[in-house]
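A quick write-up on the structure given underneath.
Throughout, read-outs are computed from the coordinates displayed, never taken from laboratory work. Bear in mind the structure is a predicted one, so any value in this text is a computation, not a measurement. For neighbour counting, all protein chains shown are included, and Cβ atoms are generated from backbone atoms with ideal geometry for every residue, glycine included.
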Amino acid sequence: MTRLIYSTILILSIIASLVLYIVSYDSKNISKQILEIKDLIKNEKSSIQTLEAELSLLSQPDRIQTLSQNFNLILEPIKVSQIGKIEDIPIKPANKVMDELVKRSLIGYSTDAN
């Protein structure tokens, strides 16, 4: 009877140690992935800051004025009459290729049966 108890405890302790090993291994992998993702986020934030700095440099009014003078562009302030509503934008005409595909796909569903 005691052999059965001791062997059961031994088997359970081996199983528990294997489960703990697997959990430990997985947690190390997950923490490694988290560090990699944090590095990627840091690199992306750095790239965003660089792009924002470039945008602010490129959109300086003095620079735009110099470029417009160099290329003989006539820049004027925006007039209120140039600002419109979203409803004023015309709807883009449908693509003929897409219309043809829709017609082909709906041939079996049409009410006109020949």
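Some points to look at:
Listed here are the residues, each with its yes/no results for (1) surrounded by 10 or more Cβ atoms within 10 Å (Cβ to Cβ); (2) over 32 Å from the mean Cα position of the chain (by Cα).
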{"site": "Ile14", "(1), (2)": "yes, yes"}
{"site": "Tyr25", "(1), (2)": "yes, no"}
{"site": "Lys38", "(1), (2)": "yes, no"}
{"site": "Thr66", "(1), (2)": "yes, yes"}
{"site": "Ser81", "(1), (2)": "no, yes"}
{"site": "Leu101", "(1), (2)": "yes, no"}
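- Test for Ile74: is it under 31 Å from the mean Cα position of the chain (by Cα), loosely packed, with under 10 Cβ neighbours inside 10 Å and not in a helix (DSSP H, G or I): no
- Meets criteria (among the hydroxyl-bearing types (Ser, Thr, Tyr) and exposed (fewer than 10 other Cβ atoms within 10 Å of the Cβ)) for Ser59: yes
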